[in-house]
Amino acid sequence: MDEILYEVDGRVGIITLNRPEVANAQNSTLLDALDAAWSRAAADEDVKVILLKANGKHFSAGHDLKDRWPAPKEITLEWIYSAETRRYLEYTLRWRNVPKPTIAAVQGKCIAGGLMLCWPCDLIVAAENAEFSDPVVHMGIGGVEYHGHTWELGPRKAKEILFTGRAVTAEEAEKVGMVNKVVPLDQLGTEALELAHQIATMPSFGLRQAKRAVNQSLDVQGFYAAIQSVFDIHETGHGNALSVSGYPILTQLDAMKERIKGQ
């Protein structure tokens, strides 16, 4: 079964995460296929708007911790830095800067690496049951690789969710401006697609310039530099874990998973 599905509906390119059996956890195969789908939609002159959605109960449980890693004795910070630079930092920034409007439709859990899929999108439509969290401080890491937290939530709310690991509800996310619209779960797909089609009626060049204006304004304020510098802070977490335990994270995974389930 393809882990990423791609289709075009009118002038809307639709990318679908398709690992519902593991809550759309992201392995390297999925991320490479996802990047290819983004590139395909960006290059298609008939596509004016890109919609990212997910099959199953949950948008994404984040990075698949069962993904292929070297044997513990072979894991080095250099290997981790190289792999994460490509699939986390470079991919997410490329998706963020696609010169077309993009929309994420989010339901259920959106955990850690899941944020790295929806935050690069221009708009987020969330189902009423959507929950957004980044519990990786439990792993001895200061947050996921793409630090959108401060920009999406504001500094104090960003610190709160990182320090506590708690989830932000769809309603709360809408109040702070991280989410554009909250809709009933059974209307998520329809509402997100209708919004995409509405935007697709606008002139392509005008949409491109409007997106560039907003993104450039954020970059002038320091967004681009901050994303890159905080990525390096993230990598120091892996380095510390390697020095302490010989493994790139410090955590009791079972305890963290139980906490996430209970939220």
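Here the chain exposes an accessible surface that is 54 percent carbon and sulfur, computed with a 1.4 Å probe and the other protein chains kept in place.
Given a Förster radius of 45 Å and the C-beta distance between Ser82 and Phe163 as r, what FRET efficiency does 1/(1 + (r/R0)^6) yield to the nearest 0.05? The pair Ser82/Phe163 has a calculated efficiency of 0.90.
Pull out the extension gain between Asp9 and Leu65, defined as 0.36 nm times the separation in residues minus the alpha carbon to alpha carbon distance; nm, one decimal. The Asp9-Leu65 span can extend by a further 16.8 nm. Within segment 120-185, all pairs of alpha-carbon atoms sorted by distance into 10 Å bins from zero give the percentages 22, 53, 24, 1. Descending by average beta-carbon neighbour count within 10 Å, the peptides 122-131, 204-213, 168-177, 24-33 line up as 122-131, 24-33, 168-177, 204-213, the highest first.
Packing here is the average count of other Cβ atoms within 10 Å per residue, and on that basis the peptides 101-110, 240-249, 79-88, highest first, run 101-110, 79-88, 240-249. Computed from the C-beta positions of Asn97 and His197 and an R0 of 25 Å, the FRET efficiency is 0.60 to the nearest 0.05. Shape analysis of segment 127-263 places it in the oblate category; the axes a ≥ b ≥ c from the Cα gyration tensor give an a/c of at least 1.5, with a/b not above b/c.
Across the alpha-carbon atoms of the chain, the computed radius of gyration and Dmax are 17.8, 55 angstrom. Sorting the Cα pairs of segment 95-141 by distance into bins of 5 Å, from 0 upward, gives 6, 21, 25, 21, 14, 10, 3, 1 percent per bin.
At 10 °C and 1.306 mPa s, grab the translational diffusion coefficient of segment 65-216 from Stokes-Einstein with a Kirkwood Rh over Cα pairs, rounded to a whole number in µm² per second.
94 µm²/s
Of the GluC sites (Glu not before Pro) found in segment 9-77, those in coil by DSSP whose Cβ has at most 11 other Cβ atoms within 10 Å are Glu45.
Provide, as a two-decimal number, the C-alpha radius of gyration of segment 172-253 over 2.2 N^0.38 Å, N being how many residues it has.
Numbers: Rg = 20.0 Å, N = 82, 2.2 N^0.38 = 11.7 Å.
That works out to 1.70 for segment 172-253.
Taking the average, over residues, of other Cβ atoms within 10 Å as the packing measure, peptides 51-59, 180-188 rank 51-59, 180-188 from highest down.
The values are calculated or read from the model by the stated rules, or taken from the named source; none is laboratory data. Fair warning: this is a prediction, and the values are worked out from it, not measured in the lab. Here Cβ is always computed from backbone atoms with ideal geometry, including for glycine, and neighbour counts include all displayed protein chains. Protein only, heavy atoms only, side chains kept; ligands, DNA and RNA dropped before computing areas. Shrake-Rupley method; radii C 1.70, N 1.55, O 1.52, S 1.80 Å.
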